[in-house]
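This report concerns only the one structure given below.
The values are calculated or read from the model by the stated rules, or taken from the named source; none is laboratory data. As the structure is a computational prediction, the values presented were derived from the model and not from experiment. Positions of Cβ are backbone-derived with ideal geometry, glycine not excepted, and every protein chain shown enters the neighbour counts. Accessible surface is based on the protein model in full, side chains and every heavy atom, while ligands, DNA and RNA are left aside. Shrake-Rupley method; radii C 1.70, N 1.55, O 1.52, S 1.80 Å.
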Amino acid sequence: MTNATLTLPILVSAPGKLILFGEHSVVYDKPAIAASLASLRTYLLVTEANDPNSIELNFPDINFHHKWTTTDFEKIPHDSSATVDQMEQILNPDTVSPLSKTLIKNITPLLSALHRDTIHYNAAFSFLYLYLSLCPHQRGLNFTIKSTSPIGAGLGSSASISVILVTSMLLCQGVPFNKELINSWSFIGEKCLHGDPSGIDNLVSTYGGAVYFKRSDPTPIILQQFPSIPMVLTYTKIPRSTSTLVGGVRELHDKETKLCDLLLDSMGCVTERAMDILNHYDSSGANDNCHDSLLELVRINHGLLVSLGVSHPGLEQVRIVSDELRIGETKLTGAGGGGCAMTILKKDIDQDILKAFTDTIRDKLQYEIFQTNLGGRGCCYVPRDTISDGDLIRILKVFQDPVTVQEIDAVLLPEKSHLQWSDSE
Ligand SMILES: Nc1ncnc2c1ncn2[C@@H]1O[C@H](COP(=O)(O)OP(=O)(O)OP(=O)(O)O)[C@@H](O)[C@H]1O
Ligand SMILES: C[C@@](O)(CCO)CC(=O)[O-]
Ligand SMILES: [Mg+2]
């Protein structure tokens, strides 16, 4: 099948996420609380490729551009014994079994030009795994990705990539927009990048808002009214890989199982306690005890993560500055090892002290500070028939030219742009 039946371009978007409590322990079936990051989003545009027989990847954020042609795909052995209807497989993803060994074997020769275990290899591997699972006969497509969220920083960039790839591929295949299906397939995409994801990142990126999540619980609690919590999000720019960090905790757990289980159980208690507090939290400040308790839990959660070995001196520096200035409590967020730290501020913090904190973070530590609201829209797409010619010119410019985050936001950010983002069928 070629793209002759497709209505291009396809434009989709998904948000990053912030884990407030319970990263790592969530992999071991303890509860966690996370929220989507309204304005730190990833966007994907699927257009016609220059070569009708090719699949082109254009991932400028990681400086990766690659192409496979029909000749490459013909190297994949045809499984004549396969009896299962392809649409049946698409509509019923197997999220429980490990990744398909056959598919991995088929993908490997297509990656021969790339170095193993690099960011490019991993991005291409997860793309191909999803492409060959969801729309293997589509050709003549170019997938271009642009993100306003930092990559590999603990804010769920891998999950948002999986979510937008899956969403676009399902649309390519003529499957109506369906969040349950997107969530399941993007979990499989996360498996390609992480090995053993809990599923919280893809869930939040798919549905948006905020969730209380437990891996074994098929129906996570969606937190409808998430309170507004004053915080500063610091990006240390220290690179790290979630899969390595999750693997490190696994090794420690294998070695010190009893001890680690106690730490993980404590982290579960922290999340449960936080949930209890958030349920009674009053953003207007009427209940300061709740806020103080929340701050204590942030400190405890960070300490437990330090014990699991997933902090980094760069993250500790943020914590030390916030401790010294007594502005609140800091914990790493996401997989740790670098990436981002969140500082929940004390109530009624003196603005001069807050400025001293952000100045030190920016000027002395040379880190970046992000402004974004918690919660907000999950994955969404713009129906083709709502895109005017003028819109199309602006959209193409954003995807094809080097542009600033502000320019991307102006054209694409659902809260700002006039594009008709939709999250229904
Ligand atoms: N804009 C992007 N373009 C291409 N690939 C991306 C992009 N964003 C993320 N990726 C893929 O996701 C990988 C980073 O995933 P990783 O899980 O290590 O970090 P994260 O998802 O940002 O953090 P965390 O999992 O802690 O929330 C990259 O190596 C790359 O393969
Ligand atoms: C470290 C981790 O708990 C969060 C990464 O954002 C891994 C996961 O839940 O898949
Ligand atoms: Mg990730």
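Within the set N178, N202, the sole residue that is more than 16 Å from ligand 1 (Cβ to nearest atom) and at pLDDT 95 or above turns out to be N178. Residue pairs whose Cβ atoms lie under 8 Å apart, separated by 6 or more positions or on different chains, with the first residue in region 147-164 and closer than 20 Å to T234 by Cα and without any contact (Cβ under 8 Å) to a residue 12 or more places away in the chain and the second within 9 Å of ligand 3 (Cβ to nearest atom) and assigned to a helix (DSSP H, G or I), do not occur.
Take region 165-176 and flag every residue that is within 17 Å of the chain's Cα centre (by Cα) and in contact (Cβ under 8 Å) with a residue 60 or more places away in the chain. Residues satisfying the conditions are L165, T167, S168.
Tell me yes or no: at least one residue of region 348-355 is touching a residue at least 12 places away in the same chain (Cβ under 8 Å) and of a type in the set (S, T, N, Q). Within region 348-355, not a single residue is touching a residue at least 12 places away in the same chain (Cβ under 8 Å) and of a type in the set (S, T, N, Q).
Against the condition assigned by TED's automatic domain parsing to the domain that holds Y381, touching a His at 6+ places or on another chain (Cβ under 6 Å) and either within 11 Å of ligand 2 (Cβ to nearest atom) or of a type outside the set (A, V, I, L, M, F, W, C) (or both), how does N58 come out, does it pass? Considered against the rule, which asks whether it is assigned by TED's automatic domain parsing to the domain that holds Y381, touching a His at 6+ places or on another chain (Cβ under 6 Å) and either within 11 Å of ligand 2 (Cβ to nearest atom) or of a type outside the set (A, V, I, L, M, F, W, C) (or both), N58 comes out as yes. Going through (1) away from ligand 3 (no atom under 16 Å from the Cβ); (2) free of Cβ contacts under 8 Å to residues at least 60 places away in the same chain; (3) farther than 20 Å from L18 by Cα one by one, G247 falls short only on (1). Residue pairs whose Cβ atoms lie under 7 Å apart, separated by 6 or more positions or on different chains, with the first residue in region 209-234 and among the polar types (S, T, N, Q) and the second at pLDDT 85 or above, are S216/D29; T234/V318; T234/C340; T234/A341; T234/T343; T234/I361; T234/Y367; T234/I369. Screening the candidates R273, R250 for the property of being in the same structural domain as H302 (by TED's automatic domain parsing), charged (D, E, K, R), within 16 Å of ligand 1 (Cβ to nearest atom) and in a helix (DSSP H, G or I) yields one hit, R250. Of all the listed residues (N289, N301, N279), the sole one being surrounded by fewer than 19 Cβ atoms within 10 Å (Cβ to Cβ) and under 28 Å from the mean Cα position of the chain (by Cα) is N279.
For region 252-276, filtered to residues that are surrounded by 12 or more Cβ atoms within 10 Å (Cβ to Cβ) and charged (D, E, K, R), the residue that is modelled with the lowest pLDDT is D276. If you filter region 1-57 down to residues that are assigned to a strand (DSSP E or B) and open to solvent by 20 Å² or more (accessible area, probe 1.4 Å), you find that the one that is farthest from ligand 3 (Cβ to nearest atom) is E48.
If you check L308 against the conditions, is it aliphatic (A, V, I, L, M), in contact with a His (Cβ under 7 Å, 6 or more places away or on another chain), open to solvent by less than 70 Å² (accessible area, probe 1.4 Å) and touching a residue at least 60 places away in the same chain (Cβ under 8 Å)? Yes: the conditions hold for L308.
What are the residues in region 233-243 that are more than 19 Å from E316 (Cβ to Cβ) and either in contact with a Ser or Thr (Cβ under 7 Å, 6 or more places away or on another chain) or of a type outside the set (G, A, S) (or both), if any? Across region 233-243, the qualifying residue is only T242.
Among the residues of region 94-152, those identified as assigned to a helix (DSSP H, G or I) and polar (S, T, N, Q) are T102, N106, T108, N122, S126, S133.
This table checks each residue for (1) farther than 20 Å from I33 by Cα; (2) outside the structural domain of G22 (by TED's automatic domain parsing); (3) away from ligand 2 (no atom under 16 Å from the Cβ).
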position	(1), (2), (3)
L278	no, yes, yes
V306	no, yes, no
V310	no, yes, no
T330	no, yes, yes
A356	yes, yes, yes
Q366	yes, yes, yes
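Give me a count of the residues in region 132-149 that are within 27 Å of R240 (Cβ to Cβ) and away from ligand 3 (no atom under 12 Å from the Cβ). The number of residues fulfilling the criteria is 6.
When region 150-169 is limited to residues that are of a type in the set (S, T, Y) and open to solvent by less than 10 Å² (accessible area, probe 1.4 Å), the one that is farthest from ligand 3 (Cβ to nearest atom) turns out to be S168. Scoring S422 on the criteria (1) crowded, with 16+ Cβ neighbours inside 10 Å; (2) not assigned by TED's automatic domain parsing to the domain that holds V204 leaves a single failure, condition (1).
Here is a yes/no grid of residues against (1) over 28 Å from T358 (Cα atoms); (2) of a type in the set (S, T, N, Q):
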| position | (1), (2) |
| --- | --- |
| F226 | no, no |
| M231 | no, no |
| Y235 | no, no |
| R240 | no, no |
| T244 | yes, yes |
| E251 | yes, no |
| L264 | yes, no |
| D282 | no, no |
| C290 | no, no |
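Scanning region 311-340 for residues that are acidic (D, E) and either more than 21 Å from S283 (Cα to Cα) or open to solvent by less than 10 Å² (accessible area, probe 1.4 Å) (or both) gives E316, D323, E324.
Residues considered: I90, I104. Of these, the only one that is open to solvent by 20 Å² or more (accessible area, probe 1.4 Å) and either among the acidic types (D, E) or in the same structural domain as N58 (by TED's automatic domain parsing) (or both) is I104.
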